[in-house]
Each structure stands twice: as C-alpha cells, then as structure tokens.
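Working notes, structure below.
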Amino acid sequence: SCHASQLCICSSMGLDCLPLGLTAKITVLNLAHNRIRHIRSQDLQQAVNLRTLLLQSNKISSIDEDSFWSLAKLELLDLSNNSLAHLSPLWFGHLFSLQHLHLQGNSYRDLGQGSPFSSLRNLSSLHLGNPRFSVLRQGNFEGIEHLHKLWIDGSNLSQYEQGSLKSIKVINHMIINLRNGNIFSEIVRDLLHSVTWLEVTEIKLPLEKNSLVQNSTRPFRIQKLTFKEAFFTDQTISRAIVLLKEITSLKELEAINCVLEGKGMWNTEEIARSGQSFVESVTIIKVMIQNFHLFFDLEGMESQINKLKRLTIASSNVFMVPCKLARNFLSLLYLDFHDNLLVNNRLDETICEGSWPSLQTLNLSQNSLKSLEQTAKYTSRLPKLNNLDISQNNFGDIPDVCEWPKGLKYLNLSNTQIPKVTTCIPPALEVLDVSGNNLKEFGLQLPFLKELYLARNQLKTLPGAAPIPNLVALSVRRNKLNGFSKEEFESFRRMELLDAGDNNFICSCEFLSFIHHEAGIARVLVGWPDKYVCDSPLAVRGAQVGAVHLSLLECHRSLVVSLICVLVFLVILLLVAVGYKYHVVWYLRMTWAWLRAKRKPRRAPPKDICYDAFVSYSENDSEWVENTMVRELEQACPPFRLCLHKRDFVPGKWIVDNIIDCIEKSRKTLFVLSQHFVQSEWCKYELDFSHFRLFDENNDAAILVLLEPIQSTAIPRRFCKLRKIMNTKTYLEWPAGEEQQQVFWENLKGALKS
C-alpha cells in the first residue's frame, strides 16, 4: 500500500494492529478507519523518518508509554475519535518536531493534573475535547507558548479553573464548543491577552453581571469574537454589548446561525451610558428571530453605531432599516444586506436622504427588488457610493435612462433577468458584471471600463473593442462562442485576462493557428488549457484546444482540392499530348473496330469477295501505284480488280471501317513498301488492321512489294509481325531494269492468283 513517494495508505483495511515491517523509508502512514486497539512499543520503532501518522477513527484504548519515542521527526499526529480514557505526557515526550496534534473525540474526562504537552515546543495546532470532557485545570497547557489554532470540544465542560488557558502566551485562533455559559466569562478573562480571534459555539449566553476585564490590564489582544449556533435573549444581548465595550481591542463581532429570542427590546439607556463601542465590523449571518416582523426598530442605538465601518446582515429576513437609524451610520463604509427581504418600497425608507453618508460599498443582492429604475434612484442618494451589487434580483426589464450615484465605479447586475443592456448603465463604470442574463450582444460605450463580466449569456462573438478601449479583463465564460480571431483578440490592446472557457469551440484551422502561434496567449486565457475544449469537428470533440492539430488536408481543403484539380488537369493534358503524339485515340478506335471485326466470320463468303487485292501505299508513291501498277494489273488478261482508297472507299463512312471492309472484301492485301510508307500514318493504320485481321489467321493474304530498298529496322517496333514476315518470308522488290521489271510483274501476278 506504499507509493513511490513513501506514502503508505492503509486506511479502511480492517487492521487489528499496526502492520509489521514499517521502515525508516516511510514518511506518511495512514492507518485511519481500522480496528486497532493497542499501540505497542515496537510497532513504530523503525519508522524514524515518519512525518505524518494518521490513527483517527480506530478503537485505540491503550498506548505503550514509549510507542512514539522514535518519532522525533513527526510533524502531525492524529489520534482523534478513538477510545483513549486518559492522556499520558510520556506519549509526547520525544515528539520534538510535532506541529499538529489531534486528540478530540476520545473518552478522557480531563487532561490530568499536569500538562501532557509540556515538551511540545513546536506545536502549532491542538485539537482536544469530547462530549465527556468536563474539567480544565491550571497547568494543563504548561509548556505551550504559541498556537496558531486551538480547538476544544467543551460541550459538557463544567469545571474551569481560573488561569488554565492563561499559560499560553499567543493563540491566533481559538474555537471552543461551550454550552455552559457560566464559565464563558472566566475563559474570556484568561484569553484577553493571548487570543486574537475567539470563536464560541453552541453557547447559551448568560446574563453576566461581572466585568469581563476585571483585574486585567491593557492592552488586550483579542480583536475578533465569533458566536456560532448561539442563543441570545434581549436581556443577554443588551448586557453583552455593555460588557464587550470594556474589551477595547475588540474590533470585529460575528454571529452566525444564531437564535435571538426577543423583539429588540434592548436596554438602550444602559448601553448608551456605557460609552462608545470600539467595534468597527459587525457580521450577522442567518440569525433567526421568531416573529421577526414584530422586531423593534432599535431606537436609542444611534449613539452606538456612528463609529461602525463594516456591517453585514445576511440571510436574516431584513426587510427595512428605519431612516432615523440609517442616518446615524456616519462612518459606515461597507454594508452587506444580501439574501434578505428588501423590496423597492421599503428601500425608499432604508436609503432615505442623508442616510449612510460615508457608504462606499453596498450589497443588495438576492433580495426582492423589482424595479431597476427605482433602485438606481434610491442608491443615487448615497454620495460616496462607488461599489454596488444588486445581482440576483428579478428586475426583468431595464429602462433607457437611470439616475445613479455620480461616483459609481463597480456595478453588479448579474442574474437580474435583464434582456439587454441600455444606456441606463452608467458610462463612468470601471467594473461591470452582467453575467447570467441571456444577453445576445453587448455594444455599450463605456470608455473607462476595465473589467467586464459576461459569463453565462448567449453571446456568439466577443464584444467590440472600440466602445471599451481600456478593458483589461473580460469574462465570456459559458456563452455560445465558437472561437475568436486574431484580429478580435488584438483589438483589445490592454487586455491582460480573458476568461473564455466552457464555450463550444469550433476548432477550425484559422482558430487553431491563432491559438498555437499567438505569443503569450496562455498567460492571458483564464483556465487554460483545461476549460478550452473543442466541440467540433466530431473527430476532435472533447479534446483540449491547445492539444489539437489538424492535418494539411483538413486545414487547407480548398487549396488541396484546387491542387488536385490542377494536377488532374495537367495529367489529362499530358495524356492528351501523349495520345496525340502516339495516336492513342486512333489506336483505341482501331482496337474497337478490330474487336468488332473479330466478331465477324474469319473470312468473308466467296460471294462477298469483290477485289483481288487491297492496295496499301503512301500518297507519295501514288504516281507509281496509279500510273504503273494499276495499269499493268487491271489491263492484264485476265484483268485484276484492285481496291484503292482514293477510288473505292465509301464517302462519309469512317475511314477505319472503310479499311477493314476493303481488306475483308479482298483476297489479298498488297503493301507497297517505301520510306514514305514507313513514315505515313495512314499506312501504319492499314498495316495495323491487316496484322490484326489477316496475320492472326496465319495465311498468306499479305503481299509485300518493296518499291525501294528498306531495312526491316526502319519499320516501327509495334509492327512486330510485319518485321517478322520481312525477316522470314520472301517479298517482291521493284527492279531498276526493264527486263527485271517484266519478271517482277509476272511474279506479282502469280502471287495475286495464288
């Protein structure tokens, strides 16, 4: 159960005793919520580097005297909520480094005759006491000189020896649960010179007659006194006010979750006679007054409040303050009436002319105010007001013109159901909060505004920077922002903080590029990077904006598509060029024609044979063909029928079809070969068709006539069968002499007849 950092978590494991093998490597040992009953001498003997030992919520009833002696470095020891019936000073005798000791929730009734803590010179916080704890004796705290916090559960404390707490020289914060009000004054007298903040819970304040400072000399140390879950009556609170005036160092009073039984019939004459109060701050939170609507107006208390600087009365059903009383808060700077029952009609009385003359901060949030115009008008009576919180009131509407205090700098209108912002908002504001109002836009001219809070609205873009040129901090959290551009961001030239978290960001390429490349944006964005999450595209939904990197295709789709189109066009252009150069189109058409021809019978029926030979020749050789060969063959006896493209091709018919038809209707195909023939494109096509159709039949239908000497290597490679024929079969060669020419004609006629 031990981690690499030497933290051993063994809580809630059902252990009956401390585990074996605890070594010097362990610094934190958590054994809380087990069933340990006894701690033995050897259990922790080797854990000499232990800093924290948590043993709370076990069943420990006995501890050997030397169990903790090896823990000289221990800083926190928690033995709370066990079954210790007594505390032995020997347990703590060697804990020289101990700073925090928790002993509350056991079953001991007292701390013994002496001090269990005499050797704990570095102790900072001490928690002790339990429902059975009943006695505090002199000397119980000997050895402790300074405590940051002292917490005592003395709910059933019945005996307190005067001076028991006096040995502690300094206590910053003391909390004591004290139901027995009769010993309250004795404890206070002992703490006058040591405690800075005294917090008393569950006390039923007694009607104390004796002075709280009798036989005590000034100056006192106690500055703050808090009552929690206490019970007061009109009589006890009147007497307490008088007695607390004697503590001249007391500056702050608090009453939280208390009950006041009475109607405000305080002994104002006695209070006034007792002199001026030194208290500067009073906080009253959740005070329950039965029949609060019958509570008196505290007339006669005017002289006691004129030095008060801070007053908080929250969650206590306050519905008004009499004008006469309000005018006597001459020094009050801060007034908090949040979560009460103030309405506009009563506000006219509460903030009457001449009331609260020094007030600078006013909190009227979470009341029942309905009219923003009236609220503004009444607060304009406060000449020095600069901070106003009227949030969580259901105004529902906002006028175009309002009258506000002239020096107002901070205004909180959050969660007030206003549908828009108008020129009712004072133009001299430095801080404005209109969060939670379903606003769809913000375009007010506020030249002095430094902070603007627009969280939980319906904004789709950042507000324009021009109307708010001095803005330093902006919150647009939980709106409908999809993102913001570099131009929008940089338009706020003085922006230091931008809270735009919890929006549905569209992680577009532009937005991501701006986020990734904007220098220092992480220092400006509040909640970065956890609160900035992509909502779309779907592939990155839920991912942090700062961690998303889109591909080139995703970021430059139009460019990529354009490039692809250009490449396709170039490829097509290249194919067209190649096809043009190498006559691919013609070969495709030729192949198609050949495939159609292949489906015909291999040889035309005899009745379809019209020619003795189809003559394939170059146009440059036409004079020899037409004037010499044709005359010689067609005028022979018997004459030969020759097919010439000039004469016998069907007009309007595709030339390829003409070639195939003429070859198929001829018994022979006569090729007049020459250098011109080899260079002629049409002759190539005729050769192609002839070897597609005729050479595949393995017959002698082709007759080759060399009009002039020609090497077989000069024949294009694609005419492989023609080259093979020239290399393997005899061909006729046109001779130069007339005698040889006569033999040539005889041989040619013989070939045509064969």
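Couple of notes before you dig in:
- Scanning region 405-414 for residues that are assigned to a loop (DSSP other than H, G, I, E, B) and touching a strand residue (DSSP E or B) at 6+ places or on another chain (Cβ under 8 Å) yields Pro405, Leu408, Lys409, Leu413, Ser414.
- Where a residue in region 550-564 is open to solvent by 80 Å² or more (accessible area, probe 1.4 Å) and its partner, wherever it lies, is among the aliphatic types (A, V, I, L, M), with Cβ under 6 Å and at least six apart: Leu553/Val560
- Boolean, Leu570 is open to solvent by 40 Å² or more (accessible area, probe 1.4 Å) and at pLDDT 90 or above: yes
- Subset of region 514-524 [loosely packed, with under 14 Cβ neighbours inside 10 Å and touching a helix residue (DSSP H, G or I) at 6+ places or on another chain (Cβ under 9 Å)]: His516, His517, Ala522
- Among the conditions (1) in contact with a helix residue (DSSP H, G or I) (Cβ under 9 Å, 6 or more places away or on another chain); (2) among the basic types (Lys, Arg); (3) modelled with pLDDT under 80, Lys749 misses just one, which is (3).
- Within region 90-105, the set of residues being open to solvent by less than 10 Å² (accessible area, probe 1.4 Å), part of a loop (DSSP other than H, G, I, E, B), in contact with a Phe, Trp or Tyr (Cβ under 9 Å, 6 or more places away or on another chain) and under 23 Å from Ser134 (Cα atoms) comprises Trp91, Phe92.
- Strands (runs of 3 or more DSSP E) contained entirely in region 273-384, each with at least 1 residues that are open to solvent by 20 Å² or more (accessible area, probe 1.4 Å) and under 21 Å from Glu403 (Cβ atoms): 361-363
- Matching strands (runs of 3 or more DSSP E) fully within region 473-591 where at least 3 residues are touching a strand residue (DSSP E or B) at 6+ places or on another chain (Cβ under 9 Å) and not acidic (Asp, Glu): 473-475
- For region 230-271, the set of residues classified as more than 25 Å from Asn177 (Cβ to Cβ), not in a helix (DSSP H, G or I) and not charged (D, E, K, R) consists of Thr248, Gly264, Met265, Trp266, Asn267, listed by residue number.
- Residue that is surrounded by the fewest Cβ atoms within 10 Å (Cβ to Cβ) [pool: residues in region 79-89 that are free of Cβ contacts under 8 Å to residues at least 40 places away in the same chain and within 42 Å of the chain's Cα centre (by Cα)]: Asn81
- In region 453-469, the residues that are more than 12 Å from Phe492 (Cα to Cα) and either buried (at least 16 other Cβ atoms within 10 Å of the Cβ) or of a type in the set (Gly, Ala, Ser) (or both): Tyr453, Leu454, Ala455, Arg456, Asn457, Leu459, Thr461
- Every residue from region 525-577 that is in contact with a Gly (Cβ under 9 Å, 6 or more places away or on another chain) and among the basic types (Lys, Arg): Lys531
- The set of residues in region 605-659 being assigned to a loop (DSSP other than H, G, I, E, B) and of a type in the set (D, E, K, R) consists of Arg641, Lys653.
- Considering residues of region 12-51 that are more than 21 Å from Leu87 (Cα to Cα) and free of Cβ contacts under 8 Å to residues at least 24 places away in the same chain only, the residue nearest to the chain's Cα centre (by Cα): Ser12
- Against the test of being open to solvent by less than 10 Å² (accessible area, probe 1.4 Å) and not assigned by the TED database to the domain that holds Gly143, the options Leu207, Leu198, Leu253 yield a single qualifying residue, Leu198.
- Filtered residue count, region 147-187, keeping only those that are more than 22 Å from Arg109 (Cα to Cα) and crowded, with 21+ Cβ neighbours inside 10 Å: 2
The values are calculated or read from the model by the stated rules, or taken from the named source; none is laboratory data. Quick caveat, the model's predicted, so the values are computed rather than measured. Quick reminder, even Gly has a Cβ in these numbers, built from the backbone with ideal geometry, and neighbours come from all protein chains shown. Just the protein is used for accessible areas: all its heavy atoms, side chains included, with ligands, DNA and RNA removed. Shrake-Rupley method; radii C 1.70, N 1.55, O 1.52, S 1.80 Å.
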